[in-house]
1. Could you list, in sequence order, all residues of the stretch B:359-379 that are in contact (Cβ under 8 Å) with a residue 60 or more places away in the chain and part of a loop (DSSP other than H, G, I, E, B)?
2. How many residues are closer than 13 Å to residue B:16 by Cα and at the interface with chain B (Cβ under 7 Å from one of its Cβ atoms) if we restrict to the stretch A:5-29?
3. Find all pairs meeting these conditions: Cβ atoms under 6 angstrom apart; at least six residues apart or on different chains; first residue within the stretch A:30-52 and facing chain B (nearest Cβ under 8 Å); second residue buried (at least 16 other Cβ atoms within 10 Å of the Cβ) and aliphatic (A, V, I, L, M).
4. Would you please name the residue that is farthest from the chain's Cα centre (by Cα), looking only at residues in the stretch B:313-340 that are buried (at least 19 other Cβ atoms within 10 Å of the Cβ) and in a loop (DSSP other than H, G, I, E, B)?
5. I'm trying to understand the selection: among the residues of the stretch B:148-166, which are within 24 Å of residue B:253 (Cα to Cα) and either touching a residue at least 60 places away in the same chain (Cβ under 8 Å) or among the hydrophobic types (A, V, I, L, M, F, W, C) (or both)?
6. For the condition under 19 Å from the mean Cα position of the chain (by Cα), assigned to a helix (DSSP H, G or I) and hydrophobic (A, V, I, L, M, F, W, C), what is the one hit in B:121, B:213, B:149, B:172?
7. From B:304, B:268, which residue is in a helix (DSSP H, G or I), over 21 Å from residue B:180 (Cα atoms) and acidic (Asp, Glu)?
8. Scan the stretch B:65-77 and tell me whether some residue there is surrounded by fewer than 24 Cβ atoms within 10 Å (Cβ to Cβ), out of contact with any Gly (no Cβ under 7 Å at 6 or more places or on another chain) and more than 14 Å from residue B:133 (Cβ to Cβ).
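Each reported figure results from applying straightforward, stated rules to the coordinates on display, with no laboratory input. This one's a predicted model, so the numbers in the text were calculated from it and none came from an experiment. Cβ: placed from backbone, ideal geometry, glycine included. Neighbour counts: every protein chain shown.
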Amino acid sequence: MKYLDNLMKALPERSARIASHAGSLLLGLVLAVLLHYVLYRLGLPSKPFIYVAF
Amino acid sequence: MSEHPQPSTGLERSQYFRPRAFLAGLVGGLILCSALARFVSHRGYHDDFTRFHQSLSPEAQYYPTLDEMCGIVRPRCRPDQVLVIVGGNSVFNGVGQPAEKMWTVELQRRLGDGFVVLNFAFRGALPTDGGAVVAEVLRKEYPRQVYVANTVPFSLPVPYGQEPYNYLFWEASHWGRLEGFPPRDELVAEYLDREFTWGQRFDVWSRDWLDGALRFRDLWNWVGYEYLFTIQNPISPNLPQAVWARRRFADIEPDFESIPVGERFRPEYRAAEMKIVRGFSDSYYFRERSGQWHLKPAIRSGFERVAKAAFPDDLKGRTLIMLSRNNPYYVRLLPADDLMRENAAYRDAAQAWRNAGYESTDYGSDYEASDYGDRTHLSASGGRRLANKVADKVLEISRKRGYLQGEPPRP
């Protein structure tokens, strides 16, 4: 976190604002993909189907 | 006043987090995932599709989606060709027939370039499962279409299918992609009232509704098929195969023909198999004083009601139901009286399907024991005989429905 603090301090104001927006957007994107995957996993039956011929 | 972040406390650090940008990312990400899923599924990605073999089926925790299956059809079938979708159970899936000897390959060869045959049968499926749903969903896109499936006498073709394949029916139903058909709706409503609590109904509905919007099954099936499979499954339980892309798994089916006929039907299983063979008809029939076997009226009426509701009326005429006979090796062991009942069951069941509006016949009564690999599954030689019979029926249906004369198909 300290590294991030230093980085933000070193950036010009406008760039820091853009970076924080871009970071938040990216975080949203990553979480969207994660949520999408979790929904897929939740939709799967927990036990696989075992086929038995009869 | 500077807006430059001056982080020294947690509160100030929160300036790094921009809620609007975060929300835009979250919503945009979900929209992108959904759009990508729709695109890849619609276009199709099963380049080497043969059938839904074990590694590509619910047995391996792989649940093909409706759009994924439709995407298998589109690159293969031109509008001027007749689409033949094969549904049904493991017998029509071609268990015991390697991909190159599969009966549907032979069916394709016999029908020629004017037809495209796709094997959408699953192990343990009903004729209303899987392929049936895809065929109905594609009814307008491919009006020149024949649906072929197998079953056994008086097995109820419940329109909502059965586990684990019925997710396709619910998916199509909740997404409004099935034809409206009141007799079917009535059976489905009865089933829901009988088997589901309101909470379970909400679960299924909300899952399908959410998936209809976000298409998470489509996207992650594609990822699992093309790149990385992330579901533990009993078909490939160990690393690294467990995470291999499903496309790496070839359709490897044992060949019944590599087993000598004398070794296919093990004596230790004979009693159990004979019990199953007798079970095909014994609980459905009663004997009259004259000694004749008659179908129980309750069985007949129950079957007729379900069969009439299984497919919409306008799709029945292009639906061919093949009744699968047992291996003659076992049938010949039946006492004459049981054999009479067995024959009556196949005759009556085919007639009952026809009375309900479908095309129907049986196969296997004139086959040899070598045409089977076990009691019910066909060897490649049996598959060739089946393909021959089904090809004749498909051509007959196609002629009857005007698919071959270049005229617009009859609804």
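1. Start the filter on the stretch B:359-379 by keeping residues that are in contact (Cβ under 8 Å) with a residue 60 or more places away in the chain, which leaves B:369-370, B:372-379.
B:373, B:374, B:375, B:376, B:377, B:379 - these are the residues of the stretch B:359-379 that are in contact (Cβ under 8 Å) with a residue 60 or more places away in the chain and part of a loop (DSSP other than H, G, I, E, B).
2. Going through the stretch A:5-29 one residue at a time, the tally reaches 12.
3. A:31/B:26; A:32/B:26; A:32/B:30
4. Looking at the filtered set, the residue picked out is B:327.
5. In the first step, residues of the stretch B:148-166 are kept if they are within 24 Å of residue B:253 (Cα to Cα); the result is B:148-152, B:163-165.
B:148, B:149, B:150, B:151, B:152, B:164, B:165 - these are the residues of the stretch B:148-166 that are within 24 Å of residue B:253 (Cα to Cα) and either touching a residue at least 60 places away in the same chain (Cβ under 8 Å) or among the hydrophobic types (A, V, I, L, M, F, W, C) (or both).
6. Details: B:121 fails: assigned to a helix (DSSP H, G or I); B:213 fails: under 19 Å from the mean Cα position of the chain (by Cα); B:149 fails: assigned to a helix (DSSP H, G or I).
Of B:121, B:213, B:149, B:172, the one residue that is under 19 Å from the mean Cα position of the chain (by Cα), assigned to a helix (DSSP H, G or I) and hydrophobic (A, V, I, L, M, F, W, C) is B:172.
7. On the way: B:304 fails: over 21 Å from residue B:180 (Cα atoms).
B:268 is the lone residue from the list that is in a helix (DSSP H, G or I), over 21 Å from residue B:180 (Cα atoms) and acidic (Asp, Glu).
8. yes
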